[in-house]
Amino acid sequence: MRISVIGCGYLGAVHAACMATLGHEVVGIDTDENKVSELSAARAPFFEPGLETLLKEVQATGRLSFTTDMSAAQGSSVHFICVGTPQKKGENGADMSYVDAATSALLPYLSADDLVVGKSTVPVGTAARLHEIVRSAEPTAELLWNPEFLREGHAVSDTLHPDRLVYGVLTGSEDHPAVDVLDQIYAQPLKDGTPRLVMDLPTAELVKTAANSFLATKISFINAMAELCDAAGADVSLLADAIGMDDRIGRKFLNAGIGFGGGCLPKDIRAFMARAGELGADQALTFLREVDSINMRRRIRVVELTRELCGGSLLGQRITVLGAAFKPESDDVRDSPALSVAAQLQLQGAVVTVTDPEALVNAARRFPELHYERSTDIALQRADALLLLTEWQEYRDLDPYGAAALVATPRILDGRNALNPTKWRAAGWTYRGLGRP
Ligand code: UGA
């Protein structure tokens, strides 16, 4: 099948490469010339494990190309919209300008019976609106919603082996002709047993925002428990292990720490609240405001704990922050809790050094005032306190004895509860976790 993928960021670049792996002929289209030239040279413009290898493999087959020229979409029968929907500046709602611009730019190149398939996370009602726009340009074209659930850091395997496939179609019914076309596109995952659900457009849009809201709620729930554990002298990690053994609860996404960040969960819950307000259903989602504020409180808590750890004042304290990305296996620093804490500490008079295996270039662009050091050993030298804020494996594996020899004072705040406190204390460290005695 000939497919175009519009928008080649974290979602689109991976989707394009994976669709080509599945045997389709794919053109990725993006307005960013840099991104297109990197992808055309089979280089991933961002860090995503496995993506570069995949790009090299599929480009060798000749089935994958990238361009800035929207007219390349002509001749494809399916067009995936994969552009971003960031938070609007100064507002909670989603900025739909990229989705709207991508759709309008595509219209002149649509042919009879083409499918336009939305994958971006959008406010419910967007698909119905875009359907009208697509239909007015090409009366036989169809708009579908096929939300994406990939996680950064696992994007390739999440795309090739998804938990489920969701098809939103105008009629909401299985016998809609577009269902068969999507089934052909996803023939391999379907053959592997991936469940597939057909539904109407608003339900498909809501599945995505509901899933991300649930995940955010789960994380804030356990972080609220961490606050209580701190107050009561209990251990939130053991609490999570114990409640997580109940199948109905599950242990995943119950890691307490500095909270969630990234380009999805924070802005998605805010856009969801904003959209609920527009629909007159704001009461249904007021709990998400609490989810958001529990999450933001984590960052303040870490700054306060660091001050305590440093004996009551941050002034002149040399703090080394391990991790800048919003989570491990990613170089994405959008709304990174680690960087937000690092910047706060610096503002309050600490001398902060940030290290990270992959995210330093992006971090320096975002917060140029912080000091960055790639080598962990150099970053540790003469530190008055260490903060583990993104749990990369190499930080989990740090040897507490070796690290103690480098720092000025062996004090560590484990912002992800990723270390073994007994081991670190035995090596002479003052260890603080979050919600751990
Ligand atoms: C999230 C969803 O997990 C994906 O399913 C979804 O497709 C994606 O958003 C999206 O909307 O595109 P992602 O933003 O890549 O994926 O990251 P997550 O793995 O969900 O992690 C989000 C944040 O939560 C990170 O900062 C992570 O450190 C934090 N987290 C996660 C916790 O603090 N505790 C946990 O137990 C789990």
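Assess whether ALA405 counts as being among the small types (Gly, Ala, Ser), in the same structural domain as ARG307 (by TED's automatic domain parsing) and crowded, with 17+ Cβ neighbours inside 10 Å. Criteria not met by ALA405. The listed residues are ARG382, ARG374, and the only one of them that is touching a residue at least 12 places away in the same chain (Cβ under 8 Å) and either of a type in the set (S, T, N, Q) or closer than 16 Å to ALA325 by Cα (or both) turns out to be ARG374. Looking only at helices (runs of 4 or more DSSP H) that lie completely in segment 321-432, which have at least 2 residues being among the small types (Gly, Ala, Ser)? Hits in segment 321-432: 337-347, 360-366, 400-406.
Checking each residue in segment 195-209 for being open to solvent by 20 Å² or more (accessible area, probe 1.4 Å) and assigned to a helix (DSSP H, G or I) picks out PRO202, THR203, LEU206, VAL207, LYS208. Taking first residues from segment 145-167 that are part of a strand (DSSP E or B) and partners that are at pLDDT 95 or above and acidic (Asp, Glu), the Cβ contacts under 8 Å between residues at least 6 apart in sequence or on separate chains come to TRP145/GLU205.
A single member of LEU386, LEU380, LEU370 is under 20 Å from ALA256 (Cβ atoms), in the same structural domain as ALA232 (by TED's automatic domain parsing) and open to solvent by less than 20 Å² (accessible area, probe 1.4 Å), and it is LEU386.
Of the helices (runs of 4 or more DSSP H) lying entirely inside segment 1-119, those containing at least 2 residues that are open to solvent by 10 Å² or more (accessible area, probe 1.4 Å) and within 28 Å of ASP335 (Cβ to Cβ) are 33-40, 51-61, 97-106.
Looking at segment 355-370, can you tell me whether even one residue there is of a type in the set (Val, Ile, Thr) and in contact with a Leu (Cβ under 9 Å, 6 or more places away or on another chain)? For segment 355-370, residues of a type in the set (Val, Ile, Thr) and in contact with a Leu (Cβ under 9 Å, 6 or more places away or on another chain): present. For LEU197, the conditions (1) within 12 Å of ASN146 (Cβ to Cβ); (2) touching a residue at least 60 places away in the same chain (Cβ under 8 Å) are fulfilled apart from (2).
List every residue pair whose Cβ atoms lie under 7 Å apart, where the two residues are 6 or more positions apart in sequence or sit on different chains, the first residue falls within segment 325-338 and is more than 9 Å from the ligand (Cβ to nearest atom), and the second residue, located anywhere, is of a type in the set (Asp, Glu). What qualifies is ASP331/GLU358.
The values are calculated or read from the model by the stated rules, or taken from the named source; none is laboratory data. Just so we're clear, the structure is a prediction, and the values are computed from it rather than from any experiment. Note: ideal-geometry Cβ built from the backbone for every residue, glycine included; neighbour counts use all protein chains shown. Heavy atoms of the whole protein, side chains included, go into the accessibility calculation; ligands, DNA and RNA do not. Shrake-Rupley method; radii C 1.70, N 1.55, O 1.52, S 1.80 Å.
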